1. Indicate the gyration tensor shape class of segment 437-521 (rounded, prolate or oblate), computed on the Cα atoms with a ≥ b ≥ c the square roots of the eigenvalues: a/c under 1.5 is rounded; otherwise a/b larger than b/c is prolate and the rest oblate.
2. Using a cut-off of 18 Å between alpha-carbon atoms, which aspartates and glutamates can reach residue 381, once sequence neighbours fewer than 8 places away in the same chain are excluded?
3. Which pairs break 18 Å Cα to Cα here: 557/660; 409/739; 586/660?
4. Please compute the length gained on full extension between residue 63 and residue 393, using 0.36 nm multiplied by the number of residues separating them and subtracting their Cα-Cα distance.
5. Quick one: Karplus J couplings for segment 539-544, per residue in order, coefficients 6.51, -1.76, 1.60, θ = phi - 60°, nearest Hz, x for Gly and Pro?
6. With point charges of +1 on the Cβ of Lys and Arg and -1 on the Cβ of Asp and Glu, referenced to the Cα centre of the chain, which listed residue (79, 512, 600) lies farthest in the positive direction of the dipole?
7. In square angstrom, rounded to the nearest 10, how much accessible surface does residue 331 have for a 1.4 Å probe?
8. Given 10 °C and 1.306 mPa s, how large is the Stokes-Einstein diffusion coefficient of the chain in µm²/s, with Rh as the Kirkwood radius over Cα pairs?
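The values are calculated or read from the model by the stated rules, or taken from the named source; none is laboratory data. Everything numeric in this text was worked out from a predicted model, so none of it was measured. Every residue, glycine as well, gets a Cβ built from its backbone with ideal geometry; the counts of neighbours run over all protein chains shown. Protein only, heavy atoms only, side chains kept; ligands, DNA and RNA dropped before computing areas. Shrake-Rupley method; radii C 1.70, N 1.55, O 1.52, S 1.80 Å.
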Amino acid sequence: MTERESRHEALFDESTGAPYASRDACGVGFIARQSGERTHEVVQLALEAAARLAHRGASATDLSADGAGLLTQIPRRLFILAASRQGLHLPADASLAVGMCFLPTAPEALALAQRVVADVLAADALPLLGWRDVPVRPEILGKSAREAMPLIRQVLIGRPEGLADDDAWERQLYLARREMEHRAEALGLHPFYVCSLSCRTVVYKGLFTGGQLADFYPDLRDPAFESAIAVFHERYATNTLPRWELAQPFRLLGHNGEINTLWGNRNAMAMRAGLLDSPQFGTQGARLRDPIRPRGSDSASLDNALELLVRAGRSPVHAAMMLVPQAWEKYPDVEPAVKAFYEYHQCVIEPWDGPAALAYSDGIQVAVSLDRNGLRPCRYKIRADGMVVAGSEVGIVDFDPRDVVESGKLGPGGVLLVDTAGRRIVRNLAAKREVATRRPYGRWIAQHMATLATQDGVEPLVKPSEQLRPMQRMFGYGHEDLRLILEPMATTAAEVVWSMGDDAPLAVLSKAAPPLYAYLRQRFAQVTNPPIDSLRESMVMSLRMHLGQRGSPLVEKSSYARMLRVEHPVLLPEEMEQLRNFPGFKAVTLDATWPARSRPEALEAAIDGLCRRAEAAILKGARLLILSDRKSGADRVPIPALLALGAVRQQLVRTSLRAKVGLVVESGDVVEQHHVATLVGYGAEAVHPWLALETVATLFAEAPAHGRGDPDTERPLPAEAQSRYRVAVEKGLLKILAKM
């Protein structure tokens, strides 16, 4: 391992192999010809655009850059000529797949890597036509980029016997590449990275600037390098050292921005490990395991997810709408069919959220999309002859203004599509309408989806403070929790605002016994995007949850809409009771307490027992699991809710059962928004802070009411106090989300 690689490894979480932080603020876009005619002009314009986006990238002092690249259609004429020079004579209309590979430079490792490729291709009946050394000019690289440079070779593959469908061929190549990756990982081969393996597209990329792209790869200047599509990218990496494989584009997309929900998205894909079987992949579904490559960046992870969906049969725009949906929940002008599309897909996959501009292509269609906030720019121009440029800014290519028939920019959640097969340009609404009307999503939701009714204003059963006090002591409540947190939140319907600075000791150093939540801190997205204002941006923010058994993102079925919609993740007492008895959603309550007189090590046994009971409940048909510490008392003490939840979730992921149930936490140790946020972050889809709600009701039932009529001094009745407390917690949740 080189010194550079050693420094890089230190930036990875040893437990997961994933980067601690991978964020991008790059330049991205595409050039495409509407007619689908392949020309060298498209490639020339893409090179020009990549060079003019150099200011969006970064270079080290030795001129080693963060990376740049192109994704194009396979230039068949160039490869036929190159094959001929190697003694391999292909007809002009030959079907050809190309793999662009970064391989080890050591002779023994190189031979092993090529054997892995050849063995997989042979096992999958994919004819190996030969290898091609890609012409490169390493002398233009900076010192560190040159030292880390892999051997770059292309593998040429023929069409399998009797296979006429290019989509099926693409799936075979995708599955073959995944098997190669698994075998290379098992053998410890490094580097081993297949930039692209496709019968439609090829990727040229590396650690140089966009202006050096054609200098490093002379292929790109060859007039025989012809394409109707070119996606270009200039990378600006922060908090990670650049690597050759992290240069973009990836297999389908180039990404400018950050995926701030990355850890949750990766966890959610791991949760769905048992749901990735699809008729499209036949008996080879096992190769889909671990679809998100753990050593990849946030952009690479998104590309992994997009590629999986496209290879399973989705169009690129369909897959992008699933992964990066527009804000639709609160917009009345979004078409009903499009709303239904987004709501259905909320049941099968979580959004990959963050400021993002995406350019992506499967070799037939090419498109750009923006995130729900529109926090990355994307502008486009269309020439009279059907040439389209879309990118991070204007001026990246020189179109004669007299030839430009349309120019504009994408808004939040916007899409622009060029379909070279259909010879058409499709704008935002038409592209979404086309995808959303392919299935009757609205009918599926109307038939199957249920909603948990909101129960604000129901007067609670109020317990005397003397009855609550033992439970408050058990769950660690203090005077500050009652008078400085719960009472103000229930009075003002706003989270408590503290002075700047926090002189509380770190939980790990505290002599007291702080709650488990105190050991966790918020994560902030601080590199290229500031926190948004959760009040002013309320139209693009939502706390809606869906509970129940989740379906596969690879298959569309009406039954996958059979979910319980919950508008508030914080449940009031009547809502919790309704949840326990909701028709069609069998709820099982699991006791999350353990004997008070046990030895401390008995806690581990109690957690193991809780996990086993969770598994058994699911196998008996449970669709909602409620982890409850309601049985806490003189003889039983609660397992910290966060510990119980984390243990159950991890066990269910390991046993491929997590996606079969919704997880609800009913806990007495939840007081404020940080507690709820940590529970949601670790897998809870709803939280019932029963002791906090009972305490609020008692506080406002026993204290004298005064000042009614004056909104500044009004002291609410218990039911209203509980509702205001929920509002305060959920405002805090939105503020935490805004920071991410």
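1. Because a/c hits 1.5 or more and a/b exceeds b/c, segment 437-521 counts as prolate.
2. Output for residue 381: 41, 48, 393, 398, 400, 403, 406, 419.
3. Numbers: 557/660 15 Å; 409/739 26 Å; 586/660 12 Å.
The answer is 409/739.
4. 116.4 nm
5. 5, 9, 10, 8, 10, 4
6. Of the candidates, 79 comes out farthest on the positive side.
7. Number for this one is 70 Å².
8. Value of D from the Cα-based Kirkwood radius: 57 µm²/s.
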